[in-house]
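The block underneath contains the structure these notes are about, expressed in C-alpha cells.
The values are calculated or read from the model by the stated rules, or taken from the named source; none is laboratory data. Note that this is a predicted model, so its numbers are computed, not measured. Heads up, the Cβs are rebuilt from the backbone with ideal geometry, glycines too, and the neighbour counts pull from every protein chain shown. Note: areas computed on protein heavy atoms with side chains; ligands, DNA, RNA excluded. Shrake-Rupley method; radii C 1.70, N 1.55, O 1.52, S 1.80 Å.
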Amino acid sequence: MDKNSILGLSIIGLIIIAYSIYTQPSAEEVNALKHKRDSIALVEARVNAAQASSQATNATTTFDSTTVVSDSVKSILEEEKYGVFSQASQGTEQFITLENNKIKVTISSKGGKIKSVQLKDYKTWDGQPLFLMNNDANIFNLSLSSHNRGINTQELFFQASGTIGTTNSASLRLNAGENKYIEFVYTLPKDSYLLDYKVNLVGLQDVISENASFLNLEWKDVVKPQEKSIQNERNASTIYYRFTDEDVDYIAETKEDKKDLKTKVQWIGFKQQFFSSVLISKQEGFESPTIETKFDKNSLTTVKEMSANFALIYDRKPAQAINMQFYFGPNHYQSLKKIDDLHLEKIIPLGWGIFGWVNRFIIIPIFNFLDGFNMNYGIIILILTIIIRLILLPLTYGSFKSQAKMKVLAPEVAEINAKFVDDPMKKQQEMMGLYKKAGVNPLGGCIPGLLQLPILIAMFRFFPSSIELRQQAFLWAHDLSTYDSIYNFSFSIPFYGNHVSLFTLLMTISTLIYTRVNMQMTAAGNPQMKYIMYIMPVMFLGIFNGYAAGLSYYYFLSNVIGFAQQYIFKAFLNEDKIHAQIQENKKKPVKKSSFQQRLEQISKERNAQINRKK
C-alpha cells in the first residue's frame, strides 16, 4: 500500500468513529428503549399466557400480530362511545313472545324492537306462515343526543322482564344509571290486531343533551313477497298517512318518492296489497315526518322498501310516557273502519270520488250481506253481478230502446247525410229536426252507458283490493284475488305475459261479441269509431291477463247477462211498432227549442251571405 491509500483509509476510519460518537443515544433515550423492550416482552408474555389459557379451556382466541386490545381498553372505548349507556353495549340477544288468537309478536332484547309478527289466520300464496316485519334489514330505532354522543337504541341490549301477569305484555328497559332508563312496554290485548306500545323516559334530564327537545324515531320495512304476482303486490304497496286534521294521503304506488311532511300526522301505515303495518300516535301526533319508498322493478325477492323518520317530543320531565299503538293485520274494510274512528279503512284503494262512494255504499254492503251465507265466492260474485244488473236494468232498457229507435231512423239519417254533404250546418239542422219530430234523443244510448261507468270502474278497484277473495278457489282458478292460469309459457310475451288467463280470454271474447251486437243495433256511424270499439277489448286482453281473476270473471258474467237482457228486450220491442210510433210522432206539431231556432237563424244568415256574394 502506498502513502495515499493509508491516508484515505485513516480518514474513513476517523469519520466512522466520529459518526458513532455523534449518534450514540443519550441516557434518556437508552431508558426509553429499555422500557419499550420491556413492554414488548410483557405483551409477548401476555399473549403466550392467553394462548396457553385458551388451549387449556378449548376456547378460540384470535390475536393480532401487532395489537392486543384488553378488556379494559374495550370498556374504555365503549364508555367513550355510549357514555352512561355503555353497560348495555354488550349482551346476549333474547326473545319474548306475545300471542293471542290472531297474531304472534316476537320482540328482541337487542334494540327492544319487534323482530317479527305472524298473522295466524293467513298463509303466503305458497302455503307458508305469513309474517310482517320479518326481515333482518328492518329498522326500528330510537336515537337521542347524550353529552355530544349519538345514542341509537338498536345497538344496545335492553333488560327484558318477560311476560307480566295475565295482560300478555312485556317490558324492556335500557338503563342509564340509578333510576335512569328508557323503557319500552308492549301490551297485546285479546282478539285484536292492535299492539299497544309505550315509551317511558325516566330520570333522563341530565342524560339527554340540554338543547334536545325531541327524540328521533326511525322505522324501515323491507317487504318480502307474499302473493303470487309480485308485480301486482308491488303496484299495491306504498305508505299511507293521516294528518291530524283527518285528511288521508299516500305516496303513489308506481313510483319511488320521498316526502317531507310539514305538519303532524296521526298515523303512518306501511301498506301491502292485503296487509298493513301501521304506527298510531295516541297523543298529539308525530312531528313533521319524512317518508320514502324505494323499489327495484326487476327484483324477485323484494317488493318494496318503505321508511319513515319522525320526532317524538321530549318535555324534559322527570318521568314522561309516549303512548303509541301498532296495527298488524289484514286490509279488511269493515275491520279497519271499527278501529277508534282513525279512518284506517282509507288504506284500501276503493277509488276516488263517485267510484269510492259506489264501493263504500253499494258494492261492499251487498258483498258483505252475501258473504254472510257462507257460499263459494264464485257464486257470490255471480249473485252480485245479477243484483247490479237488475239495479241498472232501467238504464240498460233505456239505452237499448234508444238504439232501436236510431236503427229505425238509420235510412232517413243516411238520406240527410247524402243530401247535405256540402252544407254541414244545414245537415245538422235537418238532423235535429228529424230527431225532434220522431221524439228520439240521439244521446239516449250514450247517457245510460255513462251512468253505468262508475260501477264498472268501481269494480276495477274493488276486486283486486278485496282480501275476502284471497286464496279462494273457483272452477280452475286457485285464487280469485290474483290471475288464473291454464297454461304457462317458458318466455314472456310483450304486453301479454307468460301465462294464459282463461277468465280474461272469456271476458275478451264476450266483450267483442257484445260490441258487435251493439254496433249492429246502432245506426251507421263513423267507421273509425267501429274499429276503436273492437280494438279496446283486444287491449283489455293484455291489461287484464295479470289482474285478479275475480275481476275478469265479473266482467265476463256482466257481458253474458247483458246478452240475455238484450234478447228479452227484443221480445218486448218490435221495430215495426217503433217505426209506426215514430211516424205518428212526426205528424204532431213540434215546438222548436231555442237552440234549434238559433241554429236555423244562423243557417239563414249564412245562406243569405252566400247569395249576396254570388
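Return one whole number: the accessible area per residue of the range 134-283 in Å², for a 1.4 Å probe. Present the calculation step by step, with values, prior to reporting the outcome.
Numbers: 6330 Å² over 150 residues.
That works out to 42 Å² for each residue.
Here the spin labels are modelled as points 7 Å beyond Cα on the Cα-Cβ line, and at Asn368 and Val517 they lie 3.5 nm apart. Under 5 Å from the amide H of Lys115 lie the amide H atoms of Thr106, Ile107, Ser108, each residue being 5 or more positions distant or on a separate chain, with H modelled from the backbone and absent for Pro and chain starts.
Under a 1.4 Å probe, what is the accessible area of the range 295-375 per residue, stated in Å²?
48 Å²
Structure note, pairs Lys224/Lys304; Lys120/Lys297; Lys120/Lys282; Lys228/Lys259; Lys123/Lys346: Cα-Cα distances above 19 angstrom occur for Lys120/Lys297; Lys120/Lys282; Lys228/Lys259; Lys123/Lys346. Roll a 1.4 angstrom probe over the protein heavy atoms and tell me the percent of accessible area of the range 267-308 that is carbon or sulfur. It is 42 percent, rounded to a whole number. Here each label is just a point 7 Å from Cα along the line to Cβ, and for Arg316 and Ser5 those points are 9.1 nm apart. Annotation: Met536 carries an accessible surface of approximately 80 Å², with a 1.4 Å probe and no ligand, DNA or RNA atoms counted. Based on the Cβ-Cβ distance of Leu573 and Phe420, what FRET efficiency does E = 1/(1 + (r/R0)^6) give at R0 = 25 Å, to the nearest 0.05? After rounding to 0.05, the efficiency reads 0.25. Extending 7 Å from the Cα toward the beta-carbon at both Tyr397 and Asp206 defines two label points whose distance is 8.6 nm. Pairs of Lys residues in the range 361-440 that lie 8 or more places apart, or on two chains, and have C-alpha atoms under 21 angstrom apart add up to 16. Once the Cβ-Cβ distance of Lys338 and Ala410 is raised to the sixth power relative to R0 = 51 Å, the FRET efficiency obtained is 0.35.
Counting 0.36 nm for each residue step from Arg612 to Glu178 and taking away their Cα separation leaves a gain of 145.5 nm.
Placing a label point 7 Å from the Cα of Thr97 along the Cα-to-Cβ direction, the residues of the range 125-143 whose backbone N falls under 16 Å of that point are 129-132.
Select from Tyr122, Ile151, Asn141 the residue farthest towards the positive end of the dipole of the range 109-182; place +1 on Cβ of Lys and Arg, -1 on Cβ of Asp and Glu, and compute about the Cα centre. My answer, from the dipole projection, is Ile151. For the range 81-114, the residues whose amide N sits under 19 Å from a probe point set 7 Å from the Cα of Glu155 along the beta carbon direction are 81-93, 109-113.
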